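Here's the structure, in structure tokens; my notes come after.
The values are calculated or read from the model by the stated rules, or taken from the named source; none is laboratory data. Not measured: the values here are computed from a predicted model. Because the Cβ atoms are built from the backbone with ideal geometry, glycine has one as well, and the counts that use them run over all protein chains shown. SASA here: full protein model, heavy atoms, side chains in, ligands and nucleic acids out. Shrake-Rupley method; radii C 1.70, N 1.55, O 1.52, S 1.80 Å.
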Amino acid sequence: MPPFLTQPFPEAWRIPLRGWTNDGVSWLVATYGDVFRGITDTVLLLLVRVERGLAALPWWLVVLLVAALVWHASGRRIWPAVSLSGLLVLVGTFGLWSEMMTTLAIMLIATLFTIIIGIPIGIAMARSDRLKTLLRPLLDGMQTMPSFVYLVPVVMFFGLGNVAAIIATFVYAVPPIIRLTDLGLRLVDAEVLEAAQAFGASERQTLTWVRLPLALPTIMAGVNQTIMMALAMVVLASMIGARGLGQEVLRGLQRGNVGLGLEAGLAIVFVAIVMDRITAGYSRRWDPTVKGR
Amino acid sequence: MTITSQEAAPNGAEAHIEVEDLSKVFGHDPQSIVPLLREGVSKDDILARTGHTVGLRDISLRVERGETFVVMGLSGSGKSTLVRCLNRLIEPTTGHVRLDGEDVLALGPRALRDMRRHKMGMVFQRFGLLPHRTVLANVTFGLRVQGVSLAERREKASAWIERVGLAGYEQALPRELSGGMQQRVGLARALCTDPEVLLMDEAFSALDPLIRREMQGELVRLQQELSKTIVFITHDLDEALRLGDRVAVLKDGFLVQVGTPVEIVTRPADDYVRAFVEDVDRSRVLRARDALKFATPHATERVEEARGRVDASAVGRVAAEATLGEALAAIADVGGPVAVVGKNDRVLGVLDGTTALRALTERPEVAKGDGRV
Ligand SMILES: Nc1ncnc2c1ncn2[C@@H]1O[C@H](COP(=O)(O)OP(=O)(O)OP(=O)(O)O)[C@@H](O)[C@H]1O
Ligand SMILES: [Mg+2]
């Protein structure tokens, strides 16, 4: 056997990716520090507003609002509305109400960002096969890359705390909404599109009057998945300083307080169930091909 | 822009849509196939050799203002491609399309949109309605695209909804309607912009036979009032003969014959067309006046003899536009030849039983050059 085949991996072939990355991150932080600080402050301001707003609502009003939303989303059914809002009351009995509101605020803002940024990207992707080929591996990467990997740079850019948590959650949770917006737009009935074209609709008219409304159920399914993924990030996000239910889980873990961990964990599950039923309900309701409303 | 009834008269023979040497090839480099088309390489060979699909080849035809022009052919013969080339939902590979003498293929994006908005309406096989919008919103779609005000849209749409027999369903969603009613919505949507041309791609093919006949009748009725120029696609011979002022037959992208229903039935251009028309009910397609042309010299003699009696009103009479079936019934009734009378009671000829039966049972010969009729 020739000697080079028995050698270990050649040292000379090393690509210093880690060096480049570290240098790049440092350079970004040094050069665009103001930009990152600006983003941090804006997001923080928004978060504080939403959090205060939620905190100012009396608990029973929140329960009633959620009940009304579930009732509407489920097609005016009473039982889901009662049982799901009951889950929220249960979280209150665990003494985790304000933590739940904090988590809710972080979630709402992260979801808002995924919608504002994800849907236009999805629209662009549906229009261009080339963009789709480019973005697909990136989206795959975002979903499969262990989140710990980008927690560190996120903290370097945005500091420890809720804002970093929102950004990390965004990175993790945005792919499904992009994908499903793209999918929904591509699945729109070709004959309906032809009809719009045959009547002389412009691209813009076709998008707003035909494509988006018909893709809406699929887009809502994307929002649903995005929220579920965001909730999966809650505990991890607490490791970079996010408050709320995730922090309680972490505390239970650190102090060996199994009961606290269970309560906080259940609370996260309950929030997830409620959010899932609401978004899935609207996804179904807005589907024009499903009979009955 | 409105068409006066005079301009719309079918015998005016004014070309509304002209198609010249139109070809369409699907694939990644259609232009490279054009020389093969010229050499006459077959559709199958082109597909096998180059992976390109021939949709249409060298189509030339004229659609006259106010006529219903039916395009017929088997599945894959290029019917949908042809009708979509007229409003450029499909871009032709070579050739010309002219609407009112204006070159459609030369239009820029904006002019093309304007043409689609104002001059052509289209009706689709599976209706192509917006499932999340009401009947009213669907019918007003074309006007909304044009930027017409809400009030005007409502007014025009309501009138058309009523005219196609859907009054009271304005707020219904498409899925709440039967297929026939949905296609009425499709028809009202196409008519609502008051286009000169109506393109209908297998508009009734998705409907039950009974509803289908009803819609055909409805279209005939509307067309009598409107005199639009209609290009109607179908793979159904009965439908073609019932609706068409003229019928074009497509095969593998070629235009094999254009003619009136009677010409298509009695003088098919080739075996493909003959296979189409073989089982047709001639008693319903042929008119009494057409049957006269089946007289033999011998019969003509006897007919001359009868003509004397016609003038004396001694025999039955039947209108020239009556169907052959009606003429046969009349012959049976009077027990002898009947006079075929045209406008102003002018006697066009005398039809006897033998001639009528020959018209009914003749197996059409494939037309070779100059033939009978
Ligand atoms: N977008 C396309 N890409 C490739 N080939 C196509 C495309 N559209 C049509 N064709 C081919 O062109 C030919 C004509 O198709 P077309 O749809 O015009 O036929 P048709 O007469 O309308 O048939 P049908 O009765 O099935 O609707 C067929 O061989 C078809 O496979
Ligand atoms: Mg077709």
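Which of A:Thr226, A:Thr102, A:Thr144 moves most in a GNM of chain A, Cα contacts under 10 Å?
Result: A:Thr144 has the largest fluctuation of those listed.
Please tell me the relative contact order of chain B in percent, rounded to the nearest whole number, where contacts are Cα pairs under 8 Å and at least six residues apart. Don't jump to the answer; show the numbers that get you there.
On the way: 669 pairs, mean separation 62.3, N = 373.
Computed over chain B, the figure is 17 percent.
On a 1.4 Å probe surface of the protein chains, which of A:Tyr172, B:Tyr169 comes out largest in accessible area, and what is the full order? Could the numbers behind the result be given before it?
Numbers: A:Tyr172 50, B:Tyr169 95 Å².
Descending order: B:Tyr169, A:Tyr172.
If you roll a 1.4 angstrom probe over the protein chains with everything in place, what fraction of the accessible area of chain B belongs to carbon and sulfur, to the nearest %? Working shown, then result.
Numbers: 8160 of 16880 Å².
Ligands and nucleic acids excluded, carbon and sulfur give 48 percent.
Just checking the output field for B:119-129: average partner chain Cβ neighbours within 10 Å of each residue's Cβ?
Details: counts 1, 3, 2, 5, 2, 5, 1, 5, 3, 10, 5.
Averaged over the peptide's residues, the number is 4.
How large is the convex hull of the Cα atoms of segment A:167-288 per residue, expressed in Å³ as a whole number? Please report the intermediate quantities before stating the final value.
Working: hull volume 11.6 nm³, N = 122.
Spread over its residues, the Cα hull of segment A:167-288 gives 95 Å³ apiece.
Sticking to Cα atoms, compute the Rg of segment A:34-161 to one decimal and its Dmax as the biggest Cα-Cα distance, whole number, in Å.
19.0, 53
Share of segment A:18-285's accessible area from carbon and sulfur, percent, 1.4 Å? Don't jump to the answer; show the numbers that get you there.
Details: 8830 of 13100 Å².
Taking all protein chains in place, segment A:18-285 shows 67 percent carbon and sulfur surface.
Given 10 Å bins starting at zero, what is the percent of C-alpha pairs of segment B:169-262 in each, up to the one with the largest pair distance?
Bins of 10 Å from zero give 14, 46, 32, 8, 1 percent of pairs.
GNM, chain B, Cα, under 10 Å: largest mean-square fluctuation among B:Gly186, B:Gly244, B:Gly165?
B:Gly165
So which residue, out of B:Glu39, B:Glu263, B:Glu218, gets the largest mean-square fluctuation from a GNM of chain B using Cα contacts under 10 Å as springs?
Its mean-square fluctuation being the largest, the pick is B:Glu39.
On the Cα set of segment B:51-113, report Rg and Dmax in Å, please.
Spelled out, the Cα radius of gyration and Dmax of segment B:51-113 are 12.6, 40 Å.
Over 19 Å between Cα atoms: which of B:Lys119/B:Lys251; A:Lys132/B:Lys24; B:Lys79/B:Lys251; B:Lys251/B:Lys293; B:Lys24/B:Lys251 fall into that group? Working shown, then result.
Numbers: B:Lys119/B:Lys251 29 Å; A:Lys132/B:Lys24 29 Å; B:Lys79/B:Lys251 9 Å; B:Lys251/B:Lys293 29 Å; B:Lys24/B:Lys251 14 Å.
In this structure, B:Lys119/B:Lys251; A:Lys132/B:Lys24; B:Lys251/B:Lys293 lie more than 19 Å apart at Cα.
Can you give the translational diffusion coefficient of the protein assembly as shown in µm²/s, computed by Stokes-Einstein from the Kirkwood radius over Cα pairs at 25 °C and 0.890 mPa s?
Details: Rh = 30.9 Å.
Result for D is 79 µm²/s.
With viscosity set to 1.567 mPa s at 4 °C, what whole-number translational diffusion coefficient in µm²/s follows for segment A:15-95 from Stokes-Einstein and a Kirkwood radius over Cα pairs? Walk me through the numbers on the way to the answer.
Numbers: Rh = 16.7 Å.
Result for D is 78 µm²/s.
For chain A, what does the relative contact order come out to in percent, with C-alpha contacts under 8 Å and a separation of six or more? Intermediate values should be presented prior to the final figure.
On the way: 314 pairs, mean separation 67.0, N = 293.
Once divided by the residue count of chain A, the mean separation gives 23 percent.
With the solvent-accessible surface defined on protein heavy atoms using a 1.4 Å probe, which residues belonging to segment B:88-116 display a reduction of at least 20 Å² in accessible area in the multichain context relative to the isolated chain?
B:Leu89, B:Arg113, B:Arg116
Projected area of chain B, taken from the Cα convex hull and averaged over every viewing direction, in nm²? Numbers along the way, then the final one.
Working: hull surface 87.0 nm².
That works out to 21.7 nm², a quarter of the Cα hull's surface.
I'd like the interface area for chains A and B: accessible area of each alone minus the complex, both sides summed, 1.4 Å probe, protein heavy atoms only. What is it in Å² to the nearest 100? Walk me through the numbers before you get to the answer.
Numbers: alone 16930 and 17930 Å², together 32630 Å².
Result for this pair: about 2200 Å² buried.
By a straight-distance test (C-alpha under 13 Å), which aspartates and glutamates pair with B:Lys343 as possible cross-link partners, with residues fewer than eight away in the same chain excluded?
Partners found: B:Glu321.
Tell me, what is the FRET efficiency for B:Ser42 and A:Ala124 to the nearest 0.05, using R0 = 35 angstrom and their Cβ-Cβ distance as r?
Values: r = 43 Å, r/R0 = 1.22.
The pair B:Ser42/A:Ala124 has a calculated efficiency of 0.25.
Compute the separation of the alpha-carbon centres of segment A:94-147 and segment B:45-123 and state it in Å as a whole number.
44 Å
Could you list, bin by bin from short to long, the percent of Cα-Cα pairs of segment B:87-228 in 10 Å steps?
Result, from short to long distances: 11, 40, 34, 14, 1 percent.
When the Kirkwood radius is taken over all Cα pairs of segment A:180-252, what Stokes-Einstein diffusion coefficient follows at 37 °C and 0.692 mPa s, in µm²/s? Write down the numbers at each step before the final one.
Working: Rh = 14.8 Å.
Stokes-Einstein gives a translational diffusion coefficient of 222 µm²/s.
Taking beta carbons within 10 Å but only from partner chains, what does the mean come to for residues B:130-141?
Details: counts 9, 8, 10, 4, 0, 0, 0, 1, 1, 0, 0, 7.
Across B:130-141, the average partner-chain Cβ count within 10 Å equals 3.
Quote to one decimal, in nm, the extra length available between B:Ser158 and B:Leu348 on full extension: 0.36 nm per residue of separation minus the C-alpha distance between them. Numbers along the way, then the final one.
Values: separation 190, 0.36 × 190 = 68.40 nm, distance 4.67 nm.
Value of the extension gain: 63.7 nm.
Tell me, what is the per residue accessible area of the protein assembly as shown in Å², probe radius 1.4 Å? Please list the in-between numbers first.
On the way: 32630 Å² over 666 residues.
I get 49 Å² per residue for this part.
Against the globular-protein guess of 2.2 N^0.38 Å, express the Cα radius of gyration of chain A as a ratio, rounded to two decimals. Write down the numbers at each step before the final one.
Numbers: Rg = 22.7 Å, N = 293, 2.2 N^0.38 = 19.0 Å.
With N residues counted in chain A, Rg over 2.2 N^0.38 Å equals 1.19.
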